[in-house]
Amino acid sequence: MTALAPNATIGIVGGGQLGRMSALAAARLGYRCHILTDEPDSPAAQVAAGATIGSYDDAEVLRAFAARVDVVTFEFENVSAVGLDLLASLRPVRPAPAVLRLSQDRAAEKTFVNAAGIATAPWRLVETLDDLREAAAALGLPAILKTTRLGYDGKGQLRLDPGCDLPAAFAELAPKPLILEGFVDFAREVSVVVARGLDGTSAAFDVAENRHRHHILDLTLAPARIPAETAAQARKIAETIAQAIDFVGLLAVEMFIGARGDVLVNEIAPRPHNSGHWTIDACPASQFELHIRAVAGLPLPPATRHSDAVMKNLVGPAETALWPAILATPGLIPHLYGKAEARPGRKMGHVTRLFPRGSLPGDFAIRDALGPLGSAA
Ligand SMILES: Nc1ncnc2c1ncn2[C@@H]1O[C@H](COP(=O)(O)OP(=O)(O)O)[C@@H](O)[C@H]1O
Ligand SMILES: [Mg+2]
């Protein structure tokens, strides 16, 4: 295994907060980062050694980016497959383009996960309105209709309830094809972030519990309040998926926990994940450090946690306006991403609150512990 030498340059495709926090972790390990982004003033480029600004699909831009870096990784999944292949012909790309292709397509992803012997919600591919009618009859309603590509933060999906207008729902979502997923009446929504190195060793963080508001992650609690056997099963699933795709880098696996403790995989993301931000403050080595270590071919430390944690996202103008109050509240660990404009629904930063291991409080006390953000939580 050849490790990237100190002072080498890691190329990060995408200029958002995941790239920013990866670049900060890389700097601590003695690496430079060079960002590829189409934004002139991106969160990642603000903290990186350099940036190439241009279209992700422009071959000249991709070549110029590759020429400046020693290895390439991603914080952003919606790069064209052709662009990825071009980068991979010039530099090592970790994780590999094949993995990105899989995560870009919900149908391919679920097919892969099911083939690895891991359960998901029941689902059907929907290419035509007739497919949708058959899928709705087979799976029953309610169900969730999703685009296979380009969805995030609940965009590109619709809940279909009994008696709904199927042709209208089919017409509304684009691009096609779609999938219909059986509705999961989950007890908890959780995620596992796992790193896997060039040598095939892996390290999985503890299971985190996620709460969404308006389809956007709002709160993450670590560890998830689930039985130890369920947590062990969830981590095992994440490690099994990472191994099955011969993954190198950082992989997040979103899961549903049913009322009886059954674990269903929802989706995978081959990059640092919002539900892993708590690891910056609650772990000796964060998800971003493990990401950079895996990409650089360094040994992986264990993904241990020294504290329990609650992470609250700062979304849109209302929560961002609380920034001065957050700074004035002892115990809140603030993170801001350097975005100029706080548009509704936009993730502007996050706040972490730590608790001694084993003392994560109940919902009520969590609200209290978040101070000015408590009423928003
Ligand atoms: N089959 C399902 N049953 C119940 N809830 C679902 C289902 N699929 C998605 N959801 C809810 O919608 C959220 C967003 O869906 P997801 O597939 O993760 O898309 P994305 O995160 O790409 O927007 C999930 O975190 C979950 O809360
Ligand atoms: Mg999701």
> Does L264 satisfy the condition of being over 13 Å from the mean Cα position of the chain (by Cα), within 16 Å of ligand 1 (Cβ to nearest atom), modelled with pLDDT of 95 or more and within 27 Å of S359 (Cα to Cα)?
Replying inline: no
>> For region 314-334, check the following and say yes or no: at least one residue is surrounded by 18 or more Cβ atoms within 10 Å (Cβ to Cβ), closer than 24 Å to L250 by Cα and in contact (Cβ under 8 Å) with a residue 24 or more places away in the chain.
In response: yes
> Among the residues of region 1-34, which ones are open to solvent by less than 20 Å² (accessible area, probe 1.4 Å) and in contact with a Gly (Cβ under 7 Å, 6 or more places away or on another chain)?
Replying inline: I12, H34
>> Taking the condition of being within 15 Å of A66 (Cα to Cα) and open to solvent by 10 Å² or more (accessible area, probe 1.4 Å), how many residues in region 35-55 meet it?
In response: 7
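Rundown of residues vs (1) without any contact (Cβ under 8 Å) to a residue 60 or more places away in the chain; (2) within 27 Å of L24 (Cα to Cα); (3) within 16 Å of ligand 2 (Cβ to nearest atom), yes/no style:
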| site | (1), (2), (3) |
| --- | --- |
| A208 | no, yes, yes |
| I216 | no, yes, yes |
| P223 | no, yes, no |
| G258 | no, no, no |
| N266 | no, no, yes |
| L290 | no, yes, no |
| V295 | no, yes, no |
| P299 | no, yes, no |
>> Anything in region 20-41 that is assigned to a helix (DSSP H, G or I) and free of Cβ contacts under 8 Å to residues at least 40 places away in the same chain? List them, or say none.
In response: A23, A27
>> Checking D308 against (1) buried (at least 19 other Cβ atoms within 10 Å of the Cβ); (2) assigned to a loop (DSSP other than H, G, I, E, B): exactly one of these is not met. Which one?
In response: (2)
> When residues of region 51-91 are filtered for being closer than 12 Å to V13 by Cβ, β-branched (V, I, T) and touching a residue at least 24 places away in the same chain (Cβ under 8 Å), how many remain?
Replying inline: 6
>> Looking at region 200-207, can you tell me whether even one residue there is of a type in the set (A, V, I, L, M, F, W, C), open to solvent by 20 Å² or more (accessible area, probe 1.4 Å) and farther than 23 Å from Y152 by Cβ?
In response: no
>> Consider region 127-152. How many of its residues are open to solvent by less than 50 Å² (accessible area, probe 1.4 Å) and within 16 Å of ligand 2 (Cβ to nearest atom)?
In response: 6
>> Can you confirm whether R94 is more than 15 Å from ligand 1 (Cβ to nearest atom) and of a type in the set (D, E, K, R)?
In response: yes
> In region 294-305, how many are surrounded by fewer than 24 Cβ atoms within 10 Å (Cβ to Cβ) and closer than 24 Å to P356 by Cα?
Replying inline: 4
> Hey, which of the strands (runs of 3 or more DSSP E) in region 101-217, taking only ones fully inside, have at least 3 residues that are under 23 Å from P270 (Cβ atoms) and not basic (K, R)?
Replying inline: 178-182, 188-196, 202-204, 208-213
> So, in region 274-283, of the ones that are open to solvent by 10 Å² or more (accessible area, probe 1.4 Å) and in contact with a Leu (Cβ under 8 Å, 6 or more places away or on another chain), which residue ends up farthest from ligand 1 (Cβ to nearest atom)?
Replying inline: D281
>> Could you check region 42-96 and list, in sequence order, the residues that are in a strand (DSSP E or B) and within 16 Å of G249 (Cα to Cα)?
In response: V71, V72, T73, F74, V93
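The values are calculated or read from the model by the stated rules, or taken from the named source; none is laboratory data. The structure presented is a predicted model; accordingly, all values stated were derived computationally and were not measured. Because the Cβ atoms are built from the backbone with ideal geometry, glycine has one as well, and the counts that use them run over all protein chains shown. For the accessible areas, the whole protein counts, side chains as well, though only heavy atoms, and no ligand, DNA or RNA atoms are used. Shrake-Rupley method; radii C 1.70, N 1.55, O 1.52, S 1.80 Å.
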